[in-house]
Amino acid sequence: MDIRQLRYFLSIAREGQVTRAARKLNMEQPPLSRQLKLIEEELGVRLFDRSGKRLKLTEAGKLLQEKGELLLNQFEEAVREVKETGEGVRGLLSIGSVVSCISLLPPRIQSFRDKYPQITFKILEGDHAYLGEQLEKRAIELVVARLPFEALHD
């Protein structure tokens, strides 16, 4: 059984009728009935008691509905998290900072966190040379530092 078939089964279980489930899934009833039959054949169990107007879940059907809802929710959550990570709205942002700039970070991090609550931060402290190396190695994505300057000579 694949994820598509699991969605079909869960829709039938929720609706209690293949026809109504087919309508919700925007498909015809005969192909949905065939898919249900294939699922039952693959699992080797009857998932519904077909006596009466509404389909009634068997014990095996109840178990599949319970486990299937959990699986489908986890699958949809994983897809959402992967998309958010790809879009840069979820994940880890590693920031390097020189000591003299650390105090600049908290208000900016809070503002960023308000917009992107699924981003976590890793802060690394060091001098210019160390942070430059970490940036080149891609161990951090961002460096906050003051430009070095030389005193003016007369």
Please determine, in degrees from 0 to 90 and to the nearest 10, the orientation of helix 29-43 with respect to the longest principal axis defined by the Cα atoms of the chain, where the helix direction is its Cα long axis. 80
Using a probe radius of 1.4 Å on heavy atoms only, what accessible surface per residue do you get for the chain? Whole Å² is fine. 71
Karplus-derived 3J(HN,Hα) from phi for segment 118-134 (6.51 cos²θ - 1.76 cosθ + 1.60, θ = phi - 60°), whole Hz, x at Gly and Pro, runs 8, 8, 10, 10, 10, 10, 10, 10, x, 8, 4, 5, 4, 5, x, 4, 5
For the chain, the percent of accessible surface on carbon and sulfur atoms (probe 1.4 angstrom, ligands and nucleic acids excluded) is 54
Near the amide H of Glu125, under 5 Å away, which other amide H atoms are found, from residues 5 or more places off or on another chain, if H is placed in the peptide plane? Ser97
Does anyone have the angle between helix 59-86 and the longest principal axis of the chain? Alpha-carbon axes, 0 to 90°, nearest 10? 30
For a quick size check, give me the Cα extents of segment 1-115 along its three principal axes, largest first, whole Å. 76, 26, 19
Have a look at Gly52, Gly68, Gly88 and tell me which one the Gaussian network model of the chain (Cα, springs below 10 Å) gives the largest fluctuation. Gly52
Relative to the longest principal axis of the chain, what angle (0 to 90°, nearest 10) does the C-alpha long axis of helix 3-15 take? 60
Taking amide H positions as placed in the peptide plane 1.01 Å from N, state which residues far from Ile119 in sequence (5 or more) or on other chains have amide H under 5 Å from it. Gly91
Please work out the Cα center distance from segment 1-29 to segment 34-107, rounded to the nearest Å. 17
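The values are calculated or read from the model by the stated rules, or taken from the named source; none is laboratory data. The structure displayed is predicted, hence computed values, not measured ones. These area figures cover heavy atoms from the full protein model, side chains too; ligands, DNA and RNA do not enter into them. Shrake-Rupley method; radii C 1.70, N 1.55, O 1.52, S 1.80 Å.
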